[in-house]
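The values are calculated or read from the model by the stated rules, or taken from the named source; none is laboratory data. Not measured: the values here are computed from a predicted model. Cβ placement follows ideal geometry from the backbone for every residue including glycine, while neighbour counts extend to all protein chains displayed. Surface accessibility is based on the protein's heavy atoms, side chains included, excluding ligands, DNA and RNA. Shrake-Rupley method; radii C 1.70, N 1.55, O 1.52, S 1.80 Å.
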Amino acid sequence: MSLSDNNHIFKKEDFGDDFLWGISTSATQTEGNTKDDGKGDSIWDEFARKKNAIVNNDSPSTATNFYENYKEDIQILKNLGIPNFRFSLSWPRIIPNGIGNINQKGIDFYHNVIDYCLENEIEPFVTIYHWDLPLELEKKGGWTNREIISWFEEYVKVCINAFGQKVKNWIVLNEPSVFTGAGYFLGIHAPGKKGMNNFLPAMHHALLCQAIGFKSIKEKFSEACVGTTYSCTYVTPKTYSEKDLKATERVDALLNRAFIEPTLGLGYPIKTIPFLKHITKHFLPGDEELLKVNFDFIGLQNYTREVVAHNTYVPYINAKLVPAKKRNVDYTLMNWEIYPKSIYYLILKFSKYAGVKKIIITENGASFFDEFKHNMFDDKERIEYIKSYLHQVLLAKQNGGKVEGYFIWSLTDNFEWAEGYKQRFGLVYIDYETQKRTIKNSGYWYQEFLKKD
């Protein structure tokens, strides 16, 4: 199938035979709790119990019930011709209290998922941590407690010992900037903590865990392909004034540099955002070396761009984001600007790092209003979004970008964190009362694109 975007026609084979095509989900957003299998609470179960913390007071207790419907969902992948499936393991399902006793029913569940993927010739890409910290560990300080390094190492080793013979591709952390920033600085995500005194240790400990996770996997299975993911945002200044340009540099450093550069041995970007100098009080001897990781690939996850303006009254970064609604641009239901060029610029930006070997777009997608009429979804906006972003991925690849894969977010509509079930990203629509699954037009479109001409 050929696609036309901006008068350019491109095909699947333009990306190359080895280009990875896939789709992504996460445990908390899809599985449901099913506590009768021994799963412990995560910080999101607790966060959902707080009134007004999540839109409509939704909770991840049912989600899209992947726990019961995993075969049906994986069969949808098979029918759509999608060869790679990225999903996450739930830490509290495997180790209910975060440390200590292992829940064999949880281990068995993931064996069943992995086995059914392989049976259907679908390659599993397994994310070890996708935001669902066991509640019992949060009670001990969670990511702000340096002991999490040993807790996380124990969890990784349990996962690798259980599934390492079957799983070739691993992702250590999903978007550390988001779960530390939104959860431990802004307080808008679980566990709802705020302030720099929470954010800086959480940030540093997450990056140390990222390194420990990589090394633990490689020590056991040296041939495994191991990466991690970064949430990346293309940022541009509101004006070309010196103040706006400097503000944009600071936001770029915080969103796009602060979490990858220490991993590459470049240190935290303290010169650009001086408040990061306070992170050094959380250092122990050897941390600078321990942070370094020679990842086999990095995952980039991009949804939008942000426009930045100087603002004296915003602490630490003296900058603010100008909302898409105020800029006369097209935007999604998440109020994120639709700006396909963002993924092009970010691929090229991260490709310039000498330590980045390979890039996989591990999430990209959009939430729109989905109207079901005439026995089908009017899904034109999502299809055009995917087309236009894929076009930019191809252009980046043709211009020297190290990109070698693209995964859509998400397979099914899901529990969208603080947005609850209000926002829909999936290629498969879920009726949450009946659990009936209906493939959206974008799912059919992706199926056609993945077919060989």
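Given the condition farther than 30 Å from K358 by Cβ, β-branched (V, I, T), open to solvent by less than 70 Å² (accessible area, probe 1.4 Å) and in contact (Cβ under 8 Å) with a residue 24 or more places away in the chain, answer yes or no: does some residue in the range 282-304 qualify?
Scanning the range 282-304 turns up no residue that is farther than 30 Å from K358 by Cβ, β-branched (V, I, T), open to solvent by less than 70 Å² (accessible area, probe 1.4 Å) and in contact (Cβ under 8 Å) with a residue 24 or more places away in the chain.
Which of the residues belonging to the range 352-373 are surrounded by 15 or more Cβ atoms within 10 Å (Cβ to Cβ) and of a type outside the set (D, E, K, R)?
Answer for the range 352-373, where residues must be surrounded by 15 or more Cβ atoms within 10 Å (Cβ to Cβ) and of a type outside the set (D, E, K, R): Y353, G355, V356, I359, I360, I361, T362, N364, G365, A366, S367, F368.
Report yes if F85 is open to solvent by less than 20 Å² (accessible area, probe 1.4 Å), at pLDDT 95 or above, in contact with a Pro (Cβ under 7 Å, 6 or more places away or on another chain) and over 23 Å from V403 (Cα atoms), otherwise no.
Working: open to solvent by less than 20 Å² (accessible area, probe 1.4 Å): yes; at pLDDT 95 or above: yes; in contact with a Pro (Cβ under 7 Å, 6 or more places away or on another chain): yes; over 23 Å from V403 (Cα atoms): no.
No, not satisfied.
If you scan the range 237-272, which residues turn out to be over 21 Å from the mean Cα position of the chain (by Cα), crowded, with 23+ Cβ neighbours inside 10 Å and not in a helix (DSSP H, G or I)?
Scanning the range 237-272 gives a single hit, Y268.
Return the residues of the range 344-393 that are part of a loop (DSSP other than H, G, I, E, B), without any contact (Cβ under 8 Å) to a residue 60 or more places away in the chain and among the basic types (K, R); say none if nothing qualifies.
Correct list: K352 only.
Check whether at least one residue in the range 186-202 is free of Cβ contacts under 8 Å to residues at least 40 places away in the same chain and at positive phi, and report yes or no.
Yes, the range 186-202 contains at least one residue that is free of Cβ contacts under 8 Å to residues at least 40 places away in the same chain and at positive phi.
Being within 29 Å of D296 (Cβ to Cβ) and either buried (at least 20 other Cβ atoms within 10 Å of the Cβ) or not hydrophobic (A, V, I, L, M, F, W, C) (or both) is the filter here; which residues of the range 327-349 pass it? I'd like the intermediate steps shown before the answer.
Of all residues in the range 327-349, those within 29 Å of D296 (Cβ to Cβ) come to 340-349.
Passing the criteria: P340, K341, S342, I343, Y344, Y345, L346, I347, K349.
Picking from L333, L346, which residue would you name as being within 20 Å of the chain's Cα centre (by Cα), under 18 Å from Y429 (Cα atoms) and among the hydrophobic types (A, V, I, L, M, F, W, C)?
Values: L346 fails: under 18 Å from Y429 (Cα atoms).
Exactly one residue qualifies, and that residue is L333.
Which of (1) under 23 Å from the mean Cα position of the chain (by Cα); (2) farther than 25 Å from A53 by Cα; (3) not hydroxyl-bearing (S, T, Y) does G426 not meet, given it meets every other one?
Of (1) under 23 Å from the mean Cα position of the chain (by Cα); (2) farther than 25 Å from A53 by Cα; (3) not hydroxyl-bearing (S, T, Y), only one is false for G426: (2).
Go through (1) outside any strand (DSSP E or B); (2) touching a residue at least 40 places away in the same chain (Cβ under 8 Å); (3) more than 21 Å from Y331 (Cα to Cα) for G405 and report which single condition fails.
For G405, the failing item is (1).
Go through the residues of the range 421-438 one by one and say whether even a single one is under 30 Å from G267 (Cβ atoms) and open to solvent by 10 Å² or more (accessible area, probe 1.4 Å).
No, every residue in the range 421-438 fails to be under 30 Å from G267 (Cβ atoms) and open to solvent by 10 Å² or more (accessible area, probe 1.4 Å).
Listed residues N328, N302; which is over 17 Å from the mean Cα position of the chain (by Cα) and either at pLDDT below 95 or of a type in the set (S, T, N, Q) (or both)? Break it down into steps so the answer makes sense when it comes.
Numbers: N302 fails: over 17 Å from the mean Cα position of the chain (by Cα).
Result of the check over N328, N302: N328.
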